[in-house]
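Notes to accompany the following structure.
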């Protein structure tokens, strides 16, 4: 009987060892795949645009290697570092896909000004319609156009408006998709506990004050910033152009990454605010259950 128990314990130990090794290998493989996707994202403009100089290609390669190393270090590690909601998919996946589509479409549009093809003409036509539709008074796209110097050519202004329109529309669609995921799938509930330390490494729950109140405050701040930044950035650049060199966006890669960042960063802040608000709601619900505010059937008494 004793030998049987020892054999069961040994088998369990071996199985646990293989399970732990399998989890580490799976985590490392996922980190490598994410790193390759990040390299692809960073390299898209340099690969698709013609006439890229050697210095620019080397700089892009260096940035891509650094971004890949950071991604592998973050996702292969058990402990958190910088990336928020790392173990709460699809938060970061939605953001990455949004940025990837934005950079790719803007690269196709800019390539069309140098080497037109059927694809570039189609994307440019769609982007132009979107830019015209969103270009109304006091809109972020109108502010981007007004940010340009007075000597900007009509062709370049139309290109900027097209890029701004398609970037801003993708950011709005990203927010809508994430809101649907929160409402329908109940994000971040995915059948496993939500670890605040791993998914929110920059948030210190022991810093003082009520955690829920702090989360709600930070959520509102992120949402406000996400809403205002598309308006504030062009206004700030326009005001600074009277002192510094005007921001012309003549370089193709500068145009692509500037327009992508202008639309992506506010949307990312908005998503972060929505996510923090969702975490605050989860904590409040858990407190209600622990305080007995719900009955045995899980319903709140009338």
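What follows is calculated from the coordinates using simple rules that are stated; it is not laboratory data. Everything numeric in this text was worked out from a predicted model, so none of it was measured. Here the Cβ is made from the backbone with ideal geometry for all residues, glycine too, and neighbour counts use every protein chain on show.
Observations, loosely collected:
- Highest-first arrangement of 231-238, 200-207, where packing means the average Cβ count within 10 Å: 231-238, 200-207
- Taking the number of Cβ atoms within 10 Å of each Cβ as an exposure proxy, the fewest-first ranking of 282, 147, 271, 157 is 157, 282, 147, 271.
- Working note: Debye formula, equal point scatterers on the alpha-carbon atoms of the stretch 198-242, no solvent; log10 I(q)/I(0) at q = 0.18 Å⁻¹ is -0.67.
- Cα gyration tensor category, rounded, prolate or oblate, for the stretch 79-218 with a/c compared to 1.5: prolate
- Helical content of the chain, expressed as a calculated mean residue ellipticity at 222 nm, amounts to -26000 deg cm²/dmol (DSSP H runs of 4 or more residues, -39,500 (n - 2.57) each, divided by residue number, nearest 500).
- The chain: angle of helix 252-290 to the longest principal axis, Cα-based, in degrees nearest 10: 30
- Normalised Debye scattering of the chain at q = 0.08, 0.11 Å⁻¹ gives log10 I(q)/I(0) of -0.49, -0.83, counting only Cα atoms as equal scatterers and leaving out solvent.
- Cβ crowding within 10 Å averaged over residues, with 47-57, 101-111 ranked highest first: 101-111, 47-57
- Pairs of Cα atoms nearer than 8 Å and 6+ residues apart set the relative contact order; for the chain it is 20 percent.
- For the stretch 58-86 and the stretch 135-161, distance of Cα centres in Å: 35
- Per-residue Cβ neighbour rank within 10 angstrom, fewest leading, 197, 257: 197, 257
- Reported to the nearest whole Å, the Cα centre-to-centre distance from the stretch 217-257 to the stretch 26-53 is 26.
- Extension gain from residue 59 to residue 82, taking 0.36 nm per residue of separation minus the Cα-Cα distance: 5.9 nm
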